[in-house]
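Student: Okay, here's the structure, questions in a sec.
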Amino acid sequence: MRLFDTHAHYDSGAFNGDRLELLASMPGQEVELILNPGCDLETSRTAVELAKRFPFVYAAVGVHPSDCGAWEDDWADQLRELAQCPKVKAIGEIGLDYYWKENPPREWQQTVFRRQMELAQSLNLPVIIHDREAHQDCLSIVREYPGVRGVYHCYSGSLEDAKILVKLGWMLSFTGVITYKNARKALEVIEWLPMDRIMIETDSPYLTPEPFRGKRNDSAKVRYVAETIARVKGMEPEEAALLTLENGKRFFNIEEEREQ
Ligand code: NI
């Protein structure tokens, strides 16, 4: 299998004991590419450092809605500076999270989200969207920036919204959550979704797929996401892995660089 884990947080403290060894083991576990998004300035910096260290690791830089409380306008300049590294392939993860009560106020999240959509537009980079229980507001901000393309990571919206996003030229990405028993809604979305709009991810160290749910996640487990998609689409797991790998390379503009 040839796998691309398009969303994993190796900057997380959960990997402090074995980060570099674990990453180094990934090509031997059929993981060809990994993209590590940032959630604040510090983790964005770490993501870039890891991308510089490992040829198969790429980075995104951005401020997560849960971490946007202290946002200052110069943060956009700092993200822009980090994005000068050619291994930074997106702005993310950014978006809205109305789930956690202790998150910054909704209006502030929207302001920071817009600032980063503007940054992506000016850098001509795609965005990685985190949308938790904020589907309507998230989609309306996405529509304010028709020049920006992106991916909804760990897609949890409706089939109706998925159809709108596909029409807008966006991608949807799926995690180990689709291996859980209550995943019916996401599976219906996948069943309808054109194969060229699907990417796969682990969101490591979180969202570990069955049969390892509850343990720490890592990129090698993205194969269970590929297997679930293959089952829904009626194809071989190898084919689902390869198609989603190609989608990810195209979306993040990775192929060109590797051919140079
Ligand atoms: Ni994430």
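Student: With in a helix (DSSP H, G or I), within 16 Å of the ligand (Cβ to nearest atom) and at pLDDT 95 or above as the only criterion, which of Val151, Val177, Val166, Val142 stands out?
Tutor: Val177
Student: Please state which of the following conditions Glu257 fails to meet, knowing it meets all the rest: (1) modelled with pLDDT of 95 or more; (2) within 28 Å of Ile91 (Cβ to Cβ); (3) open to solvent by 10 Å² or more (accessible area, probe 1.4 Å); (4) part of a helix (DSSP H, G or I).
Tutor: Status for Glu257: all satisfied but (1).
Student: So Ser122 passes all but one of these: (1) surrounded by 18 or more Cβ atoms within 10 Å (Cβ to Cβ); (2) more than 16 Å from the ligand (Cβ to nearest atom). Which condition number does it fail?
Tutor: Result: Ser122 fails condition (1) only.
Student: Of the residues Glu32, Glu72, Glu102, Glu107, which is more than 16 Å from the ligand (Cβ to nearest atom), more than 21 Å from Tyr10 (Cα to Cα) and not in a loop (DSSP other than H, G, I, E, B)?
Tutor: Checking each option against the conditions leaves just Glu107.
Student: Can we say Glu160 is away from the ligand (no atom under 13 Å from the Cβ), surrounded by fewer than 14 Cβ atoms within 10 Å (Cβ to Cβ) and without any contact (Cβ under 8 Å) to a residue 24 or more places away in the chain? Let's see the steps before the verdict.
Tutor: Details: away from the ligand (no atom under 13 Å from the Cβ): yes; surrounded by fewer than 14 Cβ atoms within 10 Å (Cβ to Cβ): yes; without any contact (Cβ under 8 Å) to a residue 24 or more places away in the chain: yes.
Yes, satisfied.
Student: If we scan the range 242-253, do we find a residue that is under 24 Å from Lys87 (Cβ atoms), within 16 Å of the ligand (Cβ to nearest atom), open to solvent by less than 10 Å² (accessible area, probe 1.4 Å) and assigned to a helix (DSSP H, G or I)?
Tutor: Scanning the range 242-253, I find at least one residue that is under 24 Å from Lys87 (Cβ atoms), within 16 Å of the ligand (Cβ to nearest atom), open to solvent by less than 10 Å² (accessible area, probe 1.4 Å) and assigned to a helix (DSSP H, G or I), so the answer is yes.
Student: So which residues in the range 10-32 are more than 13 Å from Arg223 (Cα to Cα) and either of a type in the set (Lys, Arg) or open to solvent by less than 10 Å² (accessible area, probe 1.4 Å) (or both)?
Tutor: Hits for the range 10-32 are Tyr10, Phe15, Arg19, Leu23.
Student: Moving on to the next point. Is there any pair with a first residue in the range 96-122 that is over 17 Å from Pro37 (Cβ atoms) and a second that is of a type in the set (Lys, Arg) and open to solvent by 10 Å² or more (accessible area, probe 1.4 Å) whose Cβ atoms are under 7 Å apart and which are 6 or more apart or on different chains, and what are they?
Tutor: Tyr98/Arg106; Tyr98/Arg132; Tyr99/Arg132
Student: So Leu187 passes all but one of these: (1) of a type in the set (A, V, I, L, M); (2) part of a helix (DSSP H, G or I); (3) touching a strand residue (DSSP E or B) at 6+ places or on another chain (Cβ under 7 Å). Which condition number does it fail?
Tutor: Only one criterion in (1) of a type in the set (A, V, I, L, M); (2) part of a helix (DSSP H, G or I); (3) touching a strand residue (DSSP E or B) at 6+ places or on another chain (Cβ under 7 Å) is unmet by Leu187, namely (3).
Student: Being assigned to a strand (DSSP E or B), within 16 Å of the ligand (Cβ to nearest atom) and open to solvent by less than 50 Å² (accessible area, probe 1.4 Å) is true for just one of Ala47, Ala59. Which residue is that?
Tutor: Ala59
Student: Looking at the structure I just gave you, is Gln109 of a type outside the set (Asp, Glu) and open to solvent by less than 20 Å² (accessible area, probe 1.4 Å)?
Tutor: yes
The values are calculated or read from the model by the stated rules, or taken from the named source; none is laboratory data. Keep in mind that this is a model prediction, so the values were computed, not measured. With ideal geometry, Cβ positions are generated from the backbone for all residues, glycine too; neighbour counts draw on all protein chains shown. Side chains included, ligands, DNA and RNA excluded: accessible areas come from the protein's heavy atoms. Shrake-Rupley method; radii C 1.70, N 1.55, O 1.52, S 1.80 Å.
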